[in-house]
Each structure stands twice: as structure tokens, then as C-alpha cells.
1. Ignoring everything except DSSP H segments at least 4 long, calculate the 222 nm mean residue ellipticity for the chain; use -39,500 (n - 2.57) per segment, divide by total residues, nearest 500.
2. Please report how many Lys pairs in the chain have alpha carbons closer than 13 angstrom, counting only residues at least 8 apart along the chain or sitting on separate chains.
3. Using a Gaussian network model on the chain with a 10 Å cutoff between Cα atoms, which of 25, 53, 44 fluctuates the most?
4. How large is the charge dipole for the chain, taken about the Cα centre, if only the Cβ atoms of Lys, Arg (+1) and Asp, Glu (-1) carry charge, to the nearest 20 debye?
5. Within the chain, what percent of beta bridges assigned by DSSP are antiparallel, to the nearest 5?
6. Kindly report the accessible area of the chain per residue (heavy atoms of protein chains, probe 1.4 Å, no ligands, DNA or RNA), in Å².
7. If you build a Gaussian network model of the chain, linking Cα atoms that sit under 10 Å apart, which residue out of 69, 59, 19 swings the most?
8. First compute the accessible area of the chain with a 1.4 Å probe, then give the percent of it belonging to carbon and sulfur atoms.
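The values are calculated or read from the model by the stated rules, or taken from the named source; none is laboratory data. Given the structure is predicted, the values throughout are model-derived calculations rather than measurements. So basically every Cβ, Gly included, is an ideal-geometry build from the backbone, and we count neighbours across all protein chains shown. When the accessible area is computed, the model is the full protein with side chains, heavy atoms only, and any ligands, DNA or RNA have been set aside. Shrake-Rupley method; radii C 1.70, N 1.55, O 1.52, S 1.80 Å.
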Amino acid sequence: NRSRGLATLLQNKIMEFEGKTEMVTPTESISRGCQIGFRIKNGTENANLDFITKCREKGIILRYVSESGIDCIRVSTHYYNNADEIGILADELKKYIG
């Protein structure tokens, strides 16, 4: 329940960047698990991988999903301990996409 709650919080924060991000994970709660997939839409070819690299340098754990050309960022919320850590990730995303 904790991880699903963090996933909901994160998904809502990502969706605030409407037009700058694209959700890969279904947004209805019945389909949501503990992982969120999304893409950055800023016109840069390697934006998703670049963002992940910048986050990893700060100790933020994300995964780049390249299989089958999906090209997205996956966040596994069971790695995050609380809403503050989700907020840190959301803040980094805001800095990155402007």
C-alpha cells in the first residue's frame, strides 16, 4: 500500500507537467502498480536517458527502458521511502524540463 500510494503521488506530480511529459503507465488507479513509466517531451533526442544520468549523479534511482523502442523512464516506488523523496525526484524533473 505504501508503494502504491507513492506511485499515485508521483504520477500526479508528473502529470502536472502537462505537455512536457507523457505517461506510459495507465493513469486509472485500478491499473496502477508500484512502477511509473513516463517520457520527457522536450524535443531532445536523448532527454530520458540524460535525465536519468543527472538523477543518478545525485543518488536518485531510475531505470531507462529501451526495450522494443519504448524509450521511457521507469520509477520503482518501492525504492523510495516517503513522500519527501518523491518530492525530490519531482523537483529534479521540474528543474530539468523547466
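1. Values: 3 runs with 40 residues, N = 98.
Theoretical 222 nm ellipticity from helices: -13000 deg cm²/dmol.
2. Numbers: 13/94; 20/41; 20/94; 20/95; 41/94; 54/94; 54/95.
Counting lysine pairs in the chain gives 7.
3. 44
4. Working: 14 positive and 13 negative charges, 36 e Å.
Roughly 180 debye, rounded to the nearest 20.
5. Numbers: 10 of 11 bridges.
Of all bridge pairs located within the chain, approximately 90 percent are antiparallel.
6. Numbers: 5730 Å² over 98 residues.
Accessible area per residue, the chain: 58 Å².
7. It is 69.
8. Numbers: 2670 of 5730 Å².
Answer for the chain: carbon and sulfur cover 47 percent of the accessible area.
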